[in-house]
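Note sheet for the following structure.
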Amino acid sequence: MQQHERSPIYVENTELVLPPDTNHHGTVFGGRVLQWIDITASITAQRYAGRKVVTASIDQMHFIVPIQLGNVVILKACVNAVHRTSMEIGVRIEREDVRTGTNEHAATAYLTFVAMDEEMKPAPVPALKTKTDAEIRRAKEALLRRESRLKHRKSLLAQRSTSE
Ligand SMILES: CC(C)(COP(=O)(O)OP(=O)(O)OC[C@H]1O[C@@H](n2cnc3c(N)ncnc32)[C@H](O)[C@@H]1OP(=O)(O)O)[C@@H](O)C(=O)NCCC(=O)NCCS
């Protein structure tokens, strides 16, 4: 049972791309970007739920432009939608070139976190109070992603049961 409503939580995190973060092309490893995303999204989910959380899934990850050695990486996360015990967190990743002052959209990710109680069992989270047009749009789009994930899972299970 969700007891009360909360407004979305926003978290911003900044990283500097150093040599150990990069591959032989001088751009960041995708896995390193995922690590930064998971941490930033996890802080967002924990602050929203007021509980510990686990990453249930990384639902989508889009790399748009490569992030270069020496870039500043800005990760902007927010709570897009909330269900009973799970939350979708969206993360926008920007690459900043401090020499030119340019800032570009480099990647986007959507993750699902589940809030946990002290016995590490899924626990309810507060309902989400959306207000702005952007918050309402993000919540609607998150619902489409959830429906698509659940439909995909149902089709896979049906397929398995017919082939067994
Ligand atoms: C995520 C986890 C808690 C779900 O457990 P479960 O037994 O399936 O729990 P439930 O069936 O009660 O589902 C709980 C919620 O998880 C969601 N969920 C379960 N599997 C999911 C998946 N693969 N992707 C997204 N959400 C998922 C359900 O939709 C449900 O959300 P809701 O209550 O808002 O509707 C469990 O699978 C787990 O602990 N996974 C490992 C997590 C982990 O180690 N992460 C990496 C390090 S943090």
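Just so it is clear, none of the values below were taken in a lab; they were calculated from the coordinates. Keep in mind the model is a prediction, meaning the values are calculated, not measured. No Cβ is skipped: glycine too gets one built from the backbone with ideal geometry, and neighbour counts run over all protein chains shown.
Details
- Working note: 222 nm ellipticity from helices only, DSSP H runs with n ≥ 4, each -39,500 (n - 2.57), summed and divided by the residues of the chain, gives -11000 deg cm²/dmol to the nearest 500.
- Nearest 10 degrees, 0 to 90: helix 133-163 Cα axis against the chain principal axis: 70 degrees
- Loop exposure criterion: trypsin sites (Lys or Arg not before Pro), DSSP state outside H, G, I, E and B, at most 15 other Cβ atoms within 10 Å. Applied to the chain, the longest stretch between such sites is 1-83.
- Within a straight-line Cα-Cα reach of under 24 Å, Lys140 can be paired with the following lysines, leaving aside sequence neighbours fewer than 8 residues apart in one chain: Lys76, Lys129, Lys131, Lys151, Lys154.
- Contact order for the chain, expressed relative to its length and based on alpha carbon pairs under 8 Å spaced 6+ residues apart, stands at 27 percent.
- Placing unit charges on the Cβ atoms of the charged side chains and taking the dipole of the stretch 67-164 about its Cα centre, the candidate lying farthest along the positive direction among Gln68, Val79, Leu144 is Leu144.
- Cα centroid separation - the stretch 1-74 against the stretch 83-107, whole Å: 8 Å
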